[in-house]
Amino acid sequence: MATTTEKIKVITEQAKMPPWYLKDLYRYLSAFGILTAIYMGFRIYQGAYGVSTGLDSTAPDFDVYWMRLFNFNVTFVTLFAGVSWGWLWFTRDKNLDKLEPKEEIRRYFTLTMFISVYTFAVYWAGSYFAEQDNSWHQVAIRDTPFTANHIIEFYFNFPMYIILGGCAWLYARTRLPLYAKGISLPLTLAVVGPFMILVSVGFNEWGHTFWFREEFFAAPIHYGFVIGVWFAHGVGGILLQGVTRLIELLDAQEDVA
Amino acid sequence: MSAKLSKPTFKPYTGEKARITRAYDYLILVLALFLFIGSFHLHFALTVGDWDFWVDWKDRQWWPLVTPLIGITFPAAVQAVLWSNFRLPLGATLCVACLSIGTWIARVFAYHYWNYFPINMVMPSTLLPSALVLDGILMLSNSLTVTAIFGGSAFALLFYPANWPIFGMFHLPVEAGNSQLTLADMFGFQYIRTGMPEYLRIIERGTLRTYGQIATPLSAFCSALLCTLMYTLWWHIGKWFATTRYLKRI
């Protein structure tokens, strides 16, 4: 049986990995890999220097090992926010009215990847390093707001997930027609609500400084964090918006084997 | 009988369209996994976390009251989206499984390996049996009211018996310093914490023992009542957040 040129083309397209709708798959996986390396690196650093240099904020070593890390974190997240948000804005699609349905489907996949990377950062900030805060403050006397875990949790992890949430919001706003025509309420809730967790750090630090030096997680000074994280349920609305539009787009497509 | 069943009006996707939807499902699964580990864990830790962190906080009065009450919140909200829109009867189990993953990772690497707390002292409780029953009742009844009353109650009532095999041994009495105390309390006295002082630890009060040694059932039934209300409240919170509205401006 002869293999025609057309058949070869079809076979080649079918075997192409990743498929067109997962064009950003490797970037997505790379983002997971980079974030994992960063967060695990932080944990290893804490294990190496937490007890030896992180217990007394007046010690010279504390400045070297922890305040330098604080300065680095604040500088890094500021630059990263500017670069990532700036890039998304300046490379925006100015011809959204002419967007092909297939390209719109692909962009919905990329938006889902952006939100997924955002939730991965939420995991490290809201789960692992948050509970570790309790663990560390059980054994370390809190003599500064910049403790060995706060420097990572409040000044890297929180800003990082906010930046990534902002990236998802900007990507949708600048590359998908429905999100460009109107502002998605659930996407905005899911990004702005957890952003308020960072703002709650102010109340937390003020409370711990003013009257509460111990660590006790069910205390009212932590309730601002709790209310902020409820807004993560906005993802349910994003899912419904995405699925509804994807069904419309797929129904309009020709069937392909 | 089968003639009365309505025929599905949609045509299942095949070929590339089926592959696209399946790939989207996988992306959502990864997204949901990290979302609920991060968000539910933070919500749980900052409201009832202390009871979950420490074995000497796991008393007979407050622990079975407050843990199911906060534990049913996210499951109800997620069920409201996944069951109502996708007929997926796994909202509660998904949330609670995510919570378990998050707590176990933190207890091992943040408590045990960094600060040397024994793992027995910081072992997390489980809500999995409660969540499975909650999902099962919603699936079988397809009713918010039935699930709130029977599922919410079961969620609370199952909590203590489900955890008893894990933590019962730490309630055994020991004698130390001329006092009788539990093994769990011994852990607390051996590993001094800033959260340890008795003016911080919310401990069991004697008044509930007026009716004899049934403090736990009283707390569990009180929690069952509150869980029926909490379930309904959080179902509607989940619905509200899952809006599909687009705004003109913010």
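Structure notes:
- Entry remark, region A:81-134: residues being more than 30 Å from B:Leu42 (Cβ to Cβ), of a type in the set (Val, Ile, Thr) and more than 14 Å from every other protein chain (Cβ to nearest Cβ) number 1 in total.
- Condition met for A:Phe216 (crowded, with 16+ Cβ neighbours inside 10 Å, within 22 Å of A:Gly126 (Cα to Cα), at the interface with chain B (Cβ under 10 Å from one of its Cβ atoms) and modelled with pLDDT of 90 or more): no
- Test result for A:Ile152, surrounded by 24 or more Cβ atoms within 10 Å (Cβ to Cβ), touching a residue at least 24 places away in the same chain (Cβ under 8 Å), within 18 Å of the chain's Cα centre (by Cα) and within 11 Å of chain B (Cβ to nearest Cβ): no
- Helices (runs of 4 or more DSSP H) wholly inside region B:38-155 containing at least 1 residues that are in contact with a Gly (Cβ under 6 Å, 6 or more places away or on another chain): B:73-86, B:128-141
- Residue match in region A:190-198 (condition: within 11 Å of another protein chain (Cβ to nearest Cβ), more than 27 Å from A:Arg92 (Cα to Cα) and crowded, with 24+ Cβ neighbours inside 10 Å): yes
- Selection status of B:Leu158, open to solvent by less than 80 Å² (accessible area, probe 1.4 Å), modelled with pLDDT of 95 or more and out of contact with any Asp or Glu (no Cβ under 7 Å at 6 or more places or on another chain): yes
- Evaluation of A:Gly165 against (1) open to solvent by less than 10 Å² (accessible area, probe 1.4 Å); (2) more than 13 Å from the chain's Cα centre (by Cα) (one fails), failing number: (2)
- Selection status of A:Tyr223, within 10 Å of another protein chain (Cβ to nearest Cβ), open to solvent by 10 Å² or more (accessible area, probe 1.4 Å) and of a type in the set (Ser, Thr, Tyr): yes
- A single member of B:Ile119, B:Ile137 is away from every other protein chain (no Cβ under 14 Å) and among the β-branched types (Val, Ile, Thr), and it is B:Ile137.
- Members of region A:21-66 that are open to solvent by less than 40 Å² (accessible area, probe 1.4 Å), touching a Ser or Thr at 6+ places or on another chain (Cβ under 8 Å) and in a helix (DSSP H, G or I): A:Tyr28, A:Phe62, A:Trp66
The values are calculated or read from the model by the stated rules, or taken from the named source; none is laboratory data. Just so it is clear, the structure is predicted and the values come from calculations on it, not from any experiment. When we count neighbours, we look across all protein chains shown, and the Cβ atoms used for this are built from the backbone with ideal geometry, even at glycine. Side chains are part of the model used for accessible areas, which takes the heavy atoms of the whole protein and leaves out ligands, DNA and RNA. Shrake-Rupley method; radii C 1.70, N 1.55, O 1.52, S 1.80 Å.
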